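Here the structure is laid out as structure tokens; the discussion comes afterwards.
The values are calculated or read from the model by the stated rules, or taken from the named source; none is laboratory data. Small disclaimer: the values here were computed from a predicted structure and weren't measured. For neighbour counting, all protein chains shown are included, and Cβ atoms are generated from backbone atoms with ideal geometry for every residue, glycine included.
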Amino acid sequence: MISFITKLGDSFLYMVRDLGRMGLFLLSALLAIFSRPFRFRETVRQIQIIGANSFAVIFFISIFTGMVLGLQGYYTLRKFGSEGMLGSAVALSLIRELGPVLTALMVTGRAGSAMCAEIGIMRNSEQIDALECMVINPFRYLITPKFLATIISLPILTQFFNVIGIAGGYVAGVVLLGVNPGAFYDGIVQSVVNEDINLGIVKSFVFALLVVWICTGRGYFVHILRNAGFGAEGVSRATTQAVVLSSISVLIWDYLITAIML
């Protein structure tokens, strides 16, 4: 019993210290955004890596998500004789929920894991320590461009996801199943309001901050993570941890934001 209580207390203290480290990490990264000189070229490069290079994944996920929504929505609405509401169902599902959430999860798996591994390798190979020895702020040099690029890219990718997903729902519902195109379009126009769009935008910005914060933070602190190990094993475990924590955080905050803004 004493051993169990000791381990429980040790785990609790580790969680508190870890939360403190991550909180200070976020504060330092946000403050570094306003420090000079600003790394404009590196930020643009990160936008290409995180945003532009993720477009192909977002395209295929969104179009087939929209087609599945169109297919399932049609057979569900047909039971109530409401096939004309298919456009409304597809658009609202994508704009308010699926668009921001699935985009964040895809960016986490494709770009977030890469960010964590990159920074983790730099930490283990003492490149970050070398920057500190040269009096170069590692947050301004490494972390800030990734923060800005993710916060810019993910909301834009979310809007692409919504548009392409609605197009996929149109293909499945109108082209393949014969729903009236005018009714499909009118359902979108009549049901989607500014509050729905604003909800999706707010979610995408919050998810972007969560993803880049957790993924870069896990990589930055890879050398002191519990049970992470050293070298390649430590980086792999930190990357896995970053993806899992980011995904769980996105889903939790999706519920919280929806509950607050509805």
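From (1) modelled with pLDDT of 95 or more; (2) of a type outside the set (S, T, N, Q); (3) over 21 Å from the mean Cα position of the chain (by Cα), pick out the condition that doesn't hold for F207.
Single failed check for F207: (3).
Can you find, within segment 108-150, the residue that is surrounded by the most Cβ atoms within 10 Å (Cβ to Cβ) among those that are over 17 Å from N53 (Cα atoms) and of a type in the set (S, T, N, Q)?
T144
From the list F34, F55, F64, which residue is out of contact with any strand residue (DSSP E or B) (no Cβ under 8 Å at 6 or more places or on another chain), surrounded by fewer than 17 Cβ atoms within 10 Å (Cβ to Cβ) and farther than 30 Å from N162 by Cβ?
F34
Considering only segment 111-166, state which residues are among the charged types (D, E, K, R) and either within 30 Å of G87 (Cβ to Cβ) or part of a helix (DSSP H, G or I) (or both).
E118, R123, D129, E132, R140, K146
Can you go through E83, E42 and tell me which one is of a type in the set (D, E, K, R), surrounded by 15 or more Cβ atoms within 10 Å (Cβ to Cβ), over 22 Å from M106 (Cβ atoms) and at pLDDT 85 or above?
E42
Is it true that F160 is surrounded by fewer than 24 Cβ atoms within 10 Å (Cβ to Cβ), in contact with a helix residue (DSSP H, G or I) (Cβ under 7 Å, 6 or more places away or on another chain) and more than 24 Å from F59 (Cβ to Cβ)?
For F160, the condition - surrounded by fewer than 24 Cβ atoms within 10 Å (Cβ to Cβ), in contact with a helix residue (DSSP H, G or I) (Cβ under 7 Å, 6 or more places away or on another chain) and more than 24 Å from F59 (Cβ to Cβ) - is not met.
Just checking, which of G178, G182, G169 is surrounded by fewer than 15 Cβ atoms within 10 Å (Cβ to Cβ), at pLDDT below 95, over 20 Å from the mean Cα position of the chain (by Cα) and part of a helix (DSSP H, G or I)?
Going through G178, G182, G169 in turn, the sole match is G182.
Report, ordered by the first and then the second residue, all pairs with beta carbons closer than 7 Å, sequence separation of six or more or different chains, a first member in segment 198-225 that is without any contact (Cβ under 8 Å) to a residue 40 or more places away in the chain, and a second member that is buried (at least 24 other Cβ atoms within 10 Å of the Cβ) and among the acidic types (D, E).
Close Cβ pairs satisfying both conditions: none exist.
With S93, S82, S11 as the choices, which residue is of a type in the set (S, T, Y) and touching a helix residue (DSSP H, G or I) at 6+ places or on another chain (Cβ under 7 Å)?
Result: S93 is the single residue among S93, S82, S11 that is of a type in the set (S, T, Y) and touching a helix residue (DSSP H, G or I) at 6+ places or on another chain (Cβ under 7 Å).
List pairs: first in segment 242-262 and touching a residue at least 60 places away in the same chain (Cβ under 8 Å), second loosely packed, with under 14 Cβ neighbours inside 10 Å and of a type outside the set (D, E, K, R), Cβ under 9 Å, 6+ apart or cross-chain?
Pairs found: M261/N198.
Tell me which residues, restricted to segment 185-197, are in contact (Cβ under 8 Å) with a residue 12 or more places away in the chain and not in a helix (DSSP H, G or I).
If the condition is that a residue be in contact (Cβ under 8 Å) with a residue 12 or more places away in the chain and not in a helix (DSSP H, G or I), then V192 is the only one that fits.
Taking helices (runs of 4 or more DSSP H) that do not extend beyond segment 1-100, which have at least 2 residues that are under 30 Å from G168 (Cβ atoms) and touching a Phe, Trp or Tyr at 6+ places or on another chain (Cβ under 9 Å)?
Qualifying helices (runs of 4 or more DSSP H): 55-78, 86-93.
State the number of residues belonging to segment 16-39 that are over 16 Å from I151 (Cβ atoms) and at pLDDT below 85.
So the answer is 4.
So that you can scan it fast, the table gives a plain yes or no per residue for (1) within 30 Å of I128 (Cβ to Cβ); (2) modelled with pLDDT of 90 or more; (3) surrounded by fewer than 22 Cβ atoms within 10 Å (Cβ to Cβ); (4) not aromatic (F, W, Y):
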position	(1), (2), (3), (4)
N198	no, yes, yes, yes
C215	yes, yes, no, yes
N227	yes, no, yes, yes
T239	yes, yes, no, yes
V243	yes, yes, yes, yes
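Report whether or not F60 is among the aromatic types (F, W, Y) and over 24 Å from Y185 (Cα atoms). If you could, list the steps in order and put the result at the bottom.
Values: among the aromatic types (F, W, Y): yes; over 24 Å from Y185 (Cα atoms): no.
Here the answer is no, as F60 does not meet what is asked.
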